[in-house]
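The values are calculated or read from the model by the stated rules, or taken from the named source; none is laboratory data. Since the structure is predicted, the reported quantities are computational estimates derived from the model, not experimental observations. Heads up, the Cβs are rebuilt from the backbone with ideal geometry, glycines too, and the neighbour counts pull from every protein chain shown. Quick note on the areas: whole protein, heavy atoms, side chains included, nothing else; ligands and nucleic acids left out. Shrake-Rupley method; radii C 1.70, N 1.55, O 1.52, S 1.80 Å.
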Amino acid sequence: MKSQGAAAAATAGTGAVPATARGRRTGAPGGAGKRGDRGGARGTAGNGSNGQGPAGRRVRRQLVTSPWLFAAPGLAIVGVFILYPFVSTVVNSFTDKRQLIEGKYVGLANFRELLHDDMFWIGLRNSTLYVLVVVPALVVLPLLLALLVQKQIPGITFFRSAFYTPVVASIVVVGLIWVWMLDERGLVNAVLEAVGADKVGFLSDQWLLLFSAMAVTVWKGLGYYMIIYLAALANVPRELHEAAAVDGAGPVRRFLSVTVPAVRSTMVLVAALSSVAAFKVFSEVYLMAGPTGGPAGEDTTLVMLVQRTGTGLTGRVGYASAISVVIFVVTVALMLLVLRADRKEDA
């Protein structure tokens, strides 16, 4: 009895916990509870925490499939409305398919016919000229317009909205308005007659009609590209302009030495976007020149030629698809040229 009392006193003095107490805390007799906890933890980990059990495999499957489930609607839209039409167009370009009639494989016959088609060369000339005139205007003029409306002066919000209004207007409405203005009995010719000048055949002359359509394209695109330039100009440090002004640089010098280098990447983007849009122009020329493409079809563009050739009950789908493939190749080439020019500037 004395020895047991002494042992208990010693245990209480040292703060040690008896084995029976440890067993009660861990739910097992003696010290076996701790070993049981470790074994249970290993068993739980083996059941999926380390990815080897059914739960781990289920988690891995969810991690793999979940992103695709979220992307599935967008991928389905791209596949149905972009990839399938593109592949179908390329396949049809090597056939003699017509509307309501399945065609047979003819190889490169459609592309060889293009080389001897006068209307194809007229369309290629007009589309190329459209790019050469419209793209420089849409690269420079919106930048100047953005510099103008960037200033915080009273009433500038009204002018920003006014410049952007043509962008949100329907191209059909815009085209009809310009047709009414440029017609022989329209507003422009009425003003010319009022000042004693002769009427101008904006819609009857081959070149005036084409350049009038270019003016409509530039007028409608100014506000859109102005917004892009405004976002780029907001990131140009004001300190650069202040330093250039201290060095004695005038407004033109600051524009060429500070503004243009700062927004050069944006100018490349605008050039790429406007090049593709200008080469694929359709609505402006179609509305102003009519379905025939102006006098004797001399203002026909490539996209108008595709629409004219491939539609209707007798439409030559295969030949129109060949023209579409040429348009795709040229637009990709334009993009690559713009990007290559940008890389040369960086070098």
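Observations on the structure shown:
- Residue among 112, 57 that is closer than 26 Å to residue 297 by Cα and surrounded by fewer than 17 Cβ atoms within 10 Å (Cβ to Cβ): 112
- Neighbours by Cβ (under 8 Å, 6+ apart or cross-chain): first from the range 207-234, small (Gly, Ala, Ser); second open to solvent by less than 10 Å² (accessible area, probe 1.4 Å) and not in a helix (DSSP H, G or I): 213/281; 213/299; 232/263
- Residue 178 meets the stated requirement of being among the aromatic types (Phe, Trp, Tyr) and at pLDDT below 95.
- Top-ranked residue of the range 218-255 - restricted to ones that are over 16 Å from residue 139 (Cβ atoms) and of a type in the set (Val, Ile, Thr), ranked as most open to solvent (accessible area, probe 1.4 Å): 246
- In the set 200, 191, only one residue is farther than 26 Å from residue 271 by Cβ, modelled with pLDDT of 90 or more and open to solvent by 60 Å² or more (accessible area, probe 1.4 Å); that residue is 191.
- Scanning the range 314-343 for residues being farther than 16 Å from residue 93 by Cβ, touching a Lys or Arg at 6+ places or on another chain (Cβ under 9 Å) and open to solvent by 50 Å² or more (accessible area, probe 1.4 Å) gives a total of 1.
- Some residue of the range 267-280 being within 30 Å of residue 324 (Cβ to Cβ), polar (S, T, N, Q) and within 21 Å of the chain's Cα centre (by Cα): yes
Residue-wise test of (1) within 32 Å of the chain's Cα centre (by Cα); (2) closer than 15 Å to residue 322 by Cβ; (3) outside the structural domain of residue 298 (by TED's automatic domain parsing).
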site	(1), (2), (3)
81	yes, no, yes
86	yes, yes, yes
100	no, no, yes
103	no, yes, yes
106	no, yes, yes
109	no, yes, yes
121	yes, yes, no
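- Residue selected from the range 283-313 under the condition under 19 Å from residue 95 (Cβ atoms) and out of contact with any helix residue (DSSP H, G or I) (no Cβ under 7 Å at 6 or more places or on another chain), by the criterion most open to solvent (accessible area, probe 1.4 Å): 313
- Restricting the search to helices (runs of 4 or more DSSP H) fully inside the range 159-241 and requiring at least 2 residues that are within 21 Å of residue 301 (Cβ to Cβ), in the same structural domain as residue 261 (by TED's automatic domain parsing) and in contact with a helix residue (DSSP H, G or I) (Cβ under 7 Å, 6 or more places away or on another chain) gives 171-182, 206-233.
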